[in-house]
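Asker: Structure incoming, see below.
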């Protein structure tokens, strides 16, 4: 995560702070996620049955795509110098817009929408995130993601 001063971070509120690299979402990742979560619905794990659906093949779980936000954020979210800890605080809103077909790539586009000091040394950041699918117009998902950092 790129380091910045709190003044630099606050100055970026309302701006796009970065776009992550593309992350491949292949059938192995989808199957591993199905095993971890116990969600083996055929649209995720059975290529033959999924081919007969409007999706035309298997698709990633929405929660798999959502869980990739941590990896996407690692290279783009600004963090203050002197960081002791960062935690995921949750979401105000998540919408799954378009399916991520097996074999596609996704990336995150991050806009810092708020930076508020909750207590001395405890900051809350809100990011509007759009997860794009390579080669497609509609995004996979949009979210308002809340994180807290301690300095």
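Read-outs: derived from the displayed coordinates by stated rules, not from any lab. What you see is a predicted model, and the numbers here were worked out from it, not measured in a lab.
Asker: Could you work out how far helix 27-37 tilts from the main Cα principal axis of the chain, as a 0 to 90 degree angle to the nearest 10?
Answerer: Approximately 70 degrees, to the nearest ten.
Asker: With just the Cα atoms defining each centre, how far is segment 1-44 from segment 56-101? Give it in Å.
Answerer: 4 Å
Asker: Also: How big is the equivalent ellipsoid of the chain along its three axes, where each semi-axis is √(5λ) from the Cα gyration tensor, reported in whole Å from largest to smallest?
Answerer: Values: eigenvalues 219, 43, 29 Å².
Result for the chain: semi-axes of 33, 15, 12 Å.
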